[in-house]
Structure formats: structure tokens, C-alpha cells
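What follows is one structure encoded as C-alpha cells, with my remarks underneath.
The values are calculated or read from the model by the stated rules, or taken from the named source; none is laboratory data. Computed from a prediction, not measured in an experiment: that's the story for all the values here. Backbone-built Cβ (ideal geometry, glycine too); neighbour counts: all protein chains shown. Calculation scope for accessible area: heavy atoms of the full protein, side chains included, ligands and nucleic acids excluded. Shrake-Rupley method; radii C 1.70, N 1.55, O 1.52, S 1.80 Å.
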Amino acid sequence: MKEFIYILVSAIIVQTPLFGQQAYPTLSVTKGEVVEIRAALGQGTLFDTSIEKVRAQVDQFVTTGLDVPVPKDLAGGYTHEQHKKNFLILQKAGLLFQITEEEKYAILVKETLFKYREMYPKLERHPSTKSYARGKLFWQCLNDANWLVYVSQAYDCIYDWLSVKERKELNKELFVPMANFLSVETPRFFNRLHNHSTWANAAVGMIGLVMENEDLVQKALYGLPISKEGLKDNDGGSITLKGQKEAGFLAQIDFSFSPDGYYTEGPYYQRYAMYPFLIFALALDNAKPDVKIFEYNNEVLIKGVYALLNQTNAKGEFFSIK
């Protein structure tokens, strides 16, 4: 089943050492798996075609670089769409560096991350006040969490390639502040039992795994202390449930699925939410196998995958939601 999980999360593109002694990369793909991937190249397969398609997408930015504008727009506006493009391109560039060993992809990731490192400390919360949990790069923290889930994978892929000085600078001035912003600086958002907050838990946990920051990983797994009940979001939805005592990624697993894997927010959100559930679980399985995340709560994450597949037709299309 784990092999199926690998295929599932990879489509949205030998060893498992203990935390604290990890080899890189370690999140969505491991060092041993990269060796196997390289050995499989050049055989005229669908995988080769996919790699060339991704190359074409990323290569256009190798020379020009990626723009990192000061955030100001809502969804659909230039700055929103540019930062979204950036995290998708960076994730692909990181994986291409691992697969092809061509340094141009690592350079693209590094140069873009240092652009963010230069800008991020100067940012306040997004100027739009539409969300109860305003982001910094985007108008809501959800999108900031999306960014970090994807970019943590890119960072993981070039971590060993960077110098110690570069890693320390990025950790201290970009990634730890981002993780703190999504968690301790926005606790209502981080502790919520909701698909948005699952992305935040995954983001903080995944960048914590890359940096080997155990404090961040523990926050991601178990959440923050819950201080208030009855809080509402901008749409009147409950943020903290009555009597809620648990938060974090494990609580998301405990309270978001039926015993057979059906997601509480419905089919559309199951499609959207399974990615952070699975990509963080895969990273945990690689870096902290002692957690046994795929066995957790009677293997409900694996059941969630089957529930997701069972909500499609024979062509893989999701049923109409009315």
C-alpha cells in the first residue's frame, strides 16, 4: 500500500534513517528512491515523457529567474498567482535537481529562496482583511501553508547541496519565521480541525523535518494549547469546537474521517485535503518511521485513499457535487 501512496502523491508532480541522522532528500522521495528513479530513466516510458514535460515548464525560468513580488492582491491577482506559480515551479525544480543532477535547477531554487528571505522579514500581514487568518504572502494563511508544503520539498531536495552558512541563513530568517507565523502567531488557524489547518500542520511539520527542528515537528503533530472556545471565522463557522482538547495533525486524522475513511467535509474537500495528509504522512514515514503514521488510528489514512477512489467513476472523474 505504501508504494501506492508514493504513486498517488508523485502524480500531483534503501533506507529510512532515524530523525537526527537523516540523509537528504527525505520528504516526498528518499536518497535510495532517487537512485532507483535515475536507473529507470531513458527507457522511453511514460515517466520519461513526464520528466521532459516538467523540464519544459521549469527550464523557461532557469535563465530569467522567478519574480517574487511584494504581496498585495487577492486570488486571481498578479501577486497571488505569481507566488502560487513559484511554489509549484520550485517543487518541480527541486525534484529535477535530484533526478537529473543538473545544478541549474538547484540554483533556481536557491536564488528564489534568497529572494523570499530578503522580502519576508519586512512583510506585515496581507493588506486584505477578508480572512480571519490573514497570510503574509497571500490573503489567507491557507495559501501561505500551501506555499510552505510545496517549497519544503524543494528545500529538502537541495539541502545537502547548500553550504552550511546558506542553510543557517534560510532556516533562521525565512523558514523558522514562516513556521512560527503559521502556528504560534496564528493559533486559531493552526489549531482548527479543518482542511485549511491540515495544510498548516503539514507545512510546519515538513519544514521542521527538513531542518531537523523537533519543536516544530511536535507542534505540527500535537498542535498548540487551546485557550478559547466558540470562536468564529468570517463566514460564521466555528473555529474551536465545544470541548475541543486536541489539535494538530494527529487530531486532524482522529476527528476528520469516519472509520472507513470518508472525510467529514465531503467529497470535494476530501480530494483537496488528501494531499497534505498523504505528503506529510509520507515524509513522517521516511524521516520518523517510529511514528508508524500509516498504522495510526486503524490505518484510516489508507482507508481515506480508497474512499477517495470510490467517489470517482470508471474514468477517474469525481461525481457531480450539487
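Okay, here's what the table says:
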| item | result |
| --- | --- |
| Pairs from LYS31/LYS53; LYS245/LYS303; LYS92/LYS232; LYS136/LYS292; LYS31/LYS315 whose Cα-Cα separation, in the structure shown, is over 29 Å | LYS92/LYS232; LYS136/LYS292; LYS31/LYS315 |
| Farthest toward positive dipole pole in the chain [+1 Lys/Arg, -1 Asp/Glu at C-beta], among PHE318, ILE226, PHE175 | ILE226 |
| Two-decimal ratio, the stretch 80-184, of alpha-carbon radius of gyration to 2.2 N^0.38 Å | 1.07 |
| Rg [Å, one decimal], Dmax [Å, integer] - the stretch 52-132, C-alpha atoms | 14.2, 43 |
| Estimated distance in nm for a label pair at ALA56 and LYS130, the labels positioned 7 Å out from Cα along Cα-to-Cβ | 3.3 |
| Whichever aspartates and glutamates have a C-alpha closer than 19 Å to that of LYS219, once near sequence neighbours (fewer than 8 apart) are set aside | ASP144, GLU185, GLU246, ASP254, ASP285, ASP290 |
| Distance in nm between pseudo-label sites at SER238 and ILE107 (7 Å out along the Cβ direction from Cα) | 5.5 |
| Ellipticity estimate at 222 nm from DSSP helix runs (n ≥ 4, -39,500 (n - 2.57)) divided over the chain, nearest 500 | -17500 deg cm²/dmol |
| Furthest towards positive pole of dipole, THR64, THR129, LEU88, structure part the stretch 60-135, Cβ charges | THR129 |
| Solvent exposure, largest accessible area first (probe 1.4 Å, DNA, RNA and ligands not counted), of ASP215, ASP73 | ASP215, ASP73 |
| Globularity ratio of the chain, using Cα Rg and 2.2 N^0.38 Å | 0.97 |
| Point-charge dipole on Cβ atoms (K/R +1, D/E -1) for the chain, about Cα centre, debye to 20 | 840 |
| The stretch 234-271: trypsin sites (Lys or Arg not before Pro) falling in loop per DSSP and having at most 15 other Cβ within 10 Å | LYS242, LYS245 |
| Dipole of the chain [Lys/Arg +1, Asp/Glu -1 at C-beta], most positive-end residue of ILE239, ILE253, LEU142 | ILE239 |
| Within the stretch 26-116, GluC sites (Glu not before Pro) in DSSP loop having at most 16 other beta-carbon neighbours inside 10 Å | GLU101, GLU102 |
| Residues in the stretch 293-312 that a label on ASP260 would reach, taking backbone N under 19 Å of a point 7 Å out along Cα→Cβ | 297-312 |
| Label point at THR100 placed 7 Å out along Cα→Cβ; residues across the stretch 50-84 whose backbone nitrogen lies under 15 Å | 50-65 |
| Distance histogram in 10 Å bins (all Cα pairs of the stretch 17-160, percent per bin) | 11, 37, 31, 17, 4, 0 |
| Dipole magnitude (debye, nearest 20) for the stretch 38-124, charges at Cβ of Lys, Arg, Asp, Glu | 140 |
